[in-house]
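Before any comments, here is the structure.
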Amino acid sequence: MSSMEIQNSGEEPCIRLEHLPGKSPHLAGKASPQVTIRWDAPQVTANGVHDIEDRILRITGYYGYKPGFSSHRREDGSESHAETPVSETSGDGTAYHTCVNTVLKVLGGLLVVLCVSSCWVGITQVVQLTFKSFSCPFFITWFSTNWNILFFPLYYSGHVATTREKQTPIQKFRECSRLFGEDGMSLKVFLKRTAPFSILWTLTNYLYLLALRKLTATDVSALYCCHKAFVFLLSWIVLKDRFMGVRIVAAIMAITGIVMMAYADGFHGDSFMGVALAVGSASTSALYKVLFKMFLGSANLGEAAHFFSTMGFFNLIFISCVPLILYFTRVEHWGSLSSLPWGYLCGVAGLWLVFNILVNVGVVLTYPILISIGTLLSVPGNAAIDVLKHEVIFSVVRLAATCIICLGFLLLLLPEEWDTVTLRFLTTLADKKTEEHGEELTESSVHTRSRSRANGAVSIPMA
């Protein structure tokens, strides 16, 4: 018979089988080899009790089982869990702050969108109210543009209130004048850089106000949204920007909406002239933006404030003669200065100044796409006022044209890499579904194996 000894070397227990002398069960003349069977026993836990999971796994012969693996895994997991709280906490804190900043930026952008849309609707409606007693669109344009002079003083006041390093107005003005070149502002640069943009700015606003005398506020604001399509076409032709098929489709939709708007009342009369004036305003606005990008590039908030104030000064000095010429030629004649509707005039000028400030501040603080959406939302805003207050009845053709123009405007807001991002998102979504399906199959196979063990079937590992 054989005797079984349990030896403990202080590290791992082992079991050894040895033959007793003289009691060999083997036949004589044959060597009886000594058989030693060893396996790693499960480690003893801190309270001196063997892990029950190791016993069960050893008895059932689970594939890939290594004695003590479950206890080691638990210990490693506890150690890693004990080591990671600091890094996880710091990572969670960073993610939390990033999420909070993104949420605040989006909420601020939505607030700016509402303000931009409200200002543009207010400008359009107040102008139409002004025309009832004072039908002088160029004088309104000139008077409103003069208020741009206040842009830089307001910016400097905000700069002084929010920064610790104070600069004098002259220092800040010179710093922001770098938009015109390294040499700063000079009379030559003032005339060369400011004159074209000031003229385009005046033409854009003047044509917009002329269109408001022919069409409803909804039609004019919808047609003005076509400037986004004109910006793309000019940038593609002049600046050699990237060609995008979806934006070509959007430009075609804008042109289709323009034709439908002109066809709504026939290609004659005030309606057709109003459409032409609104499209002209959108065209000069697009040319203004493309030339700004070509010659001046991008500008921060201080440089934008400097630029608008400079245009205001140019308008006050060089364009003031135009209202006088129109007055003496009786193209735009008004009575005494006291008879002018100063309330409406100051309201239009103030709203225009606030609109320009919000557009430039919103681009810095939030997402530029939200500012464009604010301009688009002026269309339903003006439509609501026209229907509720002025009792305007829109024809089906005009509604269809407005919807087509707005849809084209939204397509133009798509980023340049929208197709790549969309394909990447769809691929990621498909991979995620495949992984979830694979996990479901794995879980079902594990449940089937555990059910077979419960019924008495034991998996025997292959040698």
Once neighbouring chains are kept in place and the probe is 1.4 Å, which whole percent of the accessible area of segment 239-336 is contributed by carbon and sulfur?
71
Accessible area (Å², 1.4 Å probe, nearest 10) - Glu416:
80
So what J values fall out for segment 375-380 if you push phi through Karplus, 6.51 cos²θ - 1.76 cosθ + 1.60 with θ = phi - 60°, rounded to Hz, Gly and Pro as x?
5, 5, 5, 5, 5, x
The answer for Val392, listing residues at least 5 apart or on another chain whose modeled amide H is closer than 5 Å to its amide H, is Val387
From the alpha carbon gyration tensor of segment 371-437, can you work out the equivalent ellipsoid semi-axes (sqrt of 5 times each eigenvalue) and give them in Å, largest to smallest?
39, 13, 11
Going by accessible area, probe 1.4 Å, with all protein chains left in place, what is the ranking of Glu391, Glu303, largest first?
Glu391, Glu303
In sequence order, calculated HN-Hα J values of segment 237-250 (Karplus, 6.51, -1.76, 1.60; Hz; x Gly/Pro)
7, 8, 8, 6, 5, 5, 6, 9, x, 5, 6, 5, 4, 5
Give me the accessible area of Phe272, 1.4 Å probe, in Å² rounded to the nearest 10.
90
Using just the alpha carbons, could you tell me how many Å³ per residue the convex hull of segment 203-273 encloses?
94
Give me the three principal axis extents of segment 278-347 from the C-alpha atoms, as integers in angstrom, largest value leading.
44, 28, 23
With every protein chain kept in place and a 1.4 Å probe, the residues Val231, Val106 fall, from largest accessible area down, as Val106, Val231
With every atom except the alpha carbons ignored, what do you get for Rg and Dmax of segment 221-322, in angstroms?
16.7, 47
Using only the Cα atoms of segment 176-215, each taken as one equal point scatterer with no solvent, compute I(q) by the Debye sum, divide by I(0), and report log10 of the ratio at q = 0.30, 0.32 Å⁻¹.
-0.93, -0.98
Hey, what do the phi angles of segment 384-396 turn into as Karplus ³J(HN,Hα) couplings, whole Hz, using 6.51/-1.76/1.60 and θ = phi - 60°, x for Gly and Pro?
4, 5, 5, 6, 7, 9, 8, 6, 7, 10, 8, 7, 5
At a probe size of 1.4 Å, how large is the accessible area of Trp236, to the nearest 10 Å²?
100
Eigenvalues of the Cα gyration tensor times 5, then square-rooted: what semi-axes does that give for segment 248-406, in whole angstrom, largest first?
29, 26, 18
In terms of the charge dipole of segment 87-212, which places +1 on Lys and Arg and -1 on Asp and Glu at the beta carbon, the residue among Gly108, Ala195, Trp120 farthest towards the positive end is Ala195
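The values are calculated or read from the model by the stated rules, or taken from the named source; none is laboratory data. Being a predicted model, the structure only gives us computed values, none of them experimental. All Cβ positions, glycine included, derive from the backbone under ideal geometry; neighbour counts span all protein chains shown. The accessibility values were calculated without ligands, DNA or RNA, using every heavy atom of the protein model including side chains. Shrake-Rupley method; radii C 1.70, N 1.55, O 1.52, S 1.80 Å.
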